[in-house]
Amino acid sequence: MNKILVEVSVGELLDKLSILEIKREKVKDPNSLKFINDEHDILKKQLEKNIKFDQKLNDLFKLLKDI
């Protein structure tokens, strides 16, 4: 698969991660789950590498996932 690198805002990154976490809970197909987990791991590493994750940001992330 070709990869495209793009800049995204912190909000977009958190939104994408929250969607992937919901998919991880709901998707049962092993092949689909592998792609979801791979993408989640890549994005999570970038978040941890580039963003100071404090309690306020953690609360926002939880809120996104709950919506």
Pick from the stretch 37-46 the residues that are in contact with a Lys or Arg (Cβ under 9 Å, 6 or more places away or on another chain) and not polar (S, T, N, Q): which of them is least open to solvent (accessible area, probe 1.4 Å)?
HIS40
All but one of (1) in contact with a Ser or Thr (Cβ under 6 Å, 6 or more places away or on another chain); (2) open to solvent by 100 Å² or more (accessible area, probe 1.4 Å) hold for LEU64, so report the exception by its number.
(2)
Please pick out the residue among LYS49, LYS28, LYS3, LYS34 that is outside any helix (DSSP H, G or I), open to solvent by 100 Å² or more (accessible area, probe 1.4 Å) and either modelled with pLDDT of 90 or more or of a type in the set (Gly, Ala, Ser) (or both).
LYS28
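The values are calculated or read from the model by the stated rules, or taken from the named source; none is laboratory data. Here the structure is a predicted model, which is why all the values come from computation and not from measurement. Every residue, glycine as well, gets a Cβ built from its backbone with ideal geometry; the counts of neighbours run over all protein chains shown. Only protein heavy atoms, including side chains, enter the accessible area calculation; ligands, DNA and RNA are left aside. Shrake-Rupley method; radii C 1.70, N 1.55, O 1.52, S 1.80 Å.
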